[in-house]
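Participant: Submitted below is the structure of interest, expressed as structure tokens.
The values are calculated or read from the model by the stated rules, or taken from the named source; none is laboratory data. Bear in mind the structure is a predicted one, so any value in this text is a computation, not a measurement. All Cβ positions, glycine included, derive from the backbone under ideal geometry; neighbour counts span all protein chains shown.
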Amino acid sequence: MLFETDHLNAQCLEQLASGKLLAVRVRKFVPRDTAGHLGEKIIDHGFDKYTNAPSIGRIGMAFYEAENKPQRMTEYFETVFDNIEELRRRCTPFLSPIDFLRCRLDEVWPAGAHLETLYGKKMSVGLSRVVKPGTTFLAHHDIFSKDAPDSFKAMSLQAQLSANTYLRMPTKGGALQIWNKEIPPKEFDEMRGESYGIEPSLLGAPKLELHPKVGDLLLFDSRKMHSVTSGTDNLRLSLSCFIGYRGPACPLSFWS
Ligand SMILES: O=C(O)CCC(=O)C(=O)O
Ligand SMILES: [Fe+2]
């Protein structure tokens, strides 16, 4: 269910998309000491809070924060290139791990990989997430067609993967929990009410609990329920994006 590798390849992406694998860990996707430097550079410039999960810090706006509200959609699309550029700037003189991921997937995937577009506009990619010790990410799923309900682009996805590179980790906790379980959107929305997620204990024991090392890249099917346990010490800093899959002959796509 978990595949560990030193090199990302097309086969493991196929297996994630088809559900044969629950998660892929790419060891040292970013060299460990580089990841440490990147973490410092990214955090030193400060961060904002999520509009719908204020205990989690972030740099860059996630599309799901727009919640299909016209004003926030406008804000999202107006800040796409500033957000992409801001992460790149914070990483300089190192290569941004998100840019590296974009290049790598374009190289390994036969049909290539590019930025996702929605309503004819490029989407943003690369979100820095900062979590303080003691904060849990509630169990949730991430489904593009829920965030863009009127979009053929979103509906045409056959699979949606979450990709996270970890730049700082607590010594204990901060584990990614994944259940081999999908909950239909409507049902989940009733369960969560006003919150973005539900108590992980409601789902029973997770199928996988992963404690990534600094520099690792984890990939998993974001439509499956997942959560992150609270850390005991240190900030937890990750860079994240989604990868869209539309079959073996179609390009992969990136967005946040
Ligand atoms: O930070 C993580 O390990 C996973 C966060 C998450 O919910 C996601 O990437 O969809
Ligand atoms: Fe998620």
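Participant: List the strands (runs of 3 or more DSSP E) inside region 164-245, counting only whole elements, that have at least 2 residues being of a type in the set (A, V, I, L, M, F, W, C).
Facilitator: Filter on region 164-245 gives 176-178, 208-210, 217-221, 236-245.
Participant: Look at Tyr166 and say whether it is within 16 Å of ligand 1 (Cβ to nearest atom) and not small (Gly, Ala, Ser).
Facilitator: yes
Participant: Consider region 110-130. How many of its residues are within 13 Å of ligand 2 (Cβ to nearest atom) and of a type in the set (A, V, I, L, M)?
Facilitator: Residues meeting the conditions: 1.
Participant: Any idea which of (1) outside any strand (DSSP E or B); (2) under 16 Å from the mean Cα position of the chain (by Cα) is the one Leu138 doesn't satisfy?
Facilitator: It is condition (1) that Leu138 fails.
Participant: Yes or no: region 104-113 includes at least one residue that is surrounded by fewer than 15 Cβ atoms within 10 Å (Cβ to Cβ), in contact with a helix residue (DSSP H, G or I) (Cβ under 6 Å, 6 or more places away or on another chain) and part of a helix (DSSP H, G or I).
Facilitator: The answer is no, given that none of the residues of region 104-113 is surrounded by fewer than 15 Cβ atoms within 10 Å (Cβ to Cβ), in contact with a helix residue (DSSP H, G or I) (Cβ under 6 Å, 6 or more places away or on another chain) and part of a helix (DSSP H, G or I).
Participant: Can I ask one more? Go through (1) part of a helix (DSSP H, G or I); (2) free of Cβ contacts under 8 Å to residues at least 60 places away in the same chain; (3) under 21 Å from Lys41 (Cα atoms) for Ile98 and report which single condition fails.
Facilitator: Among (1) part of a helix (DSSP H, G or I); (2) free of Cβ contacts under 8 Å to residues at least 60 places away in the same chain; (3) under 21 Å from Lys41 (Cα atoms), Ile98 violates only (2).
Participant: Something else now. Quick check on my filter: what residues within region 197-256 are at pLDDT below 95 and either within 11 Å of ligand 1 (Cβ to nearest atom) or within 23 Å of Asn83 (Cβ to Cβ) (or both)?
Facilitator: Residue satisfying the conditions is Leu235 alone.
Participant: For region 131-174, what are the residues that are β-branched (Val, Ile, Thr) and within 15 Å of ligand 2 (Cβ to nearest atom)?
Facilitator: The answer is Val131, Thr135, Thr136, Ile143, Thr165.
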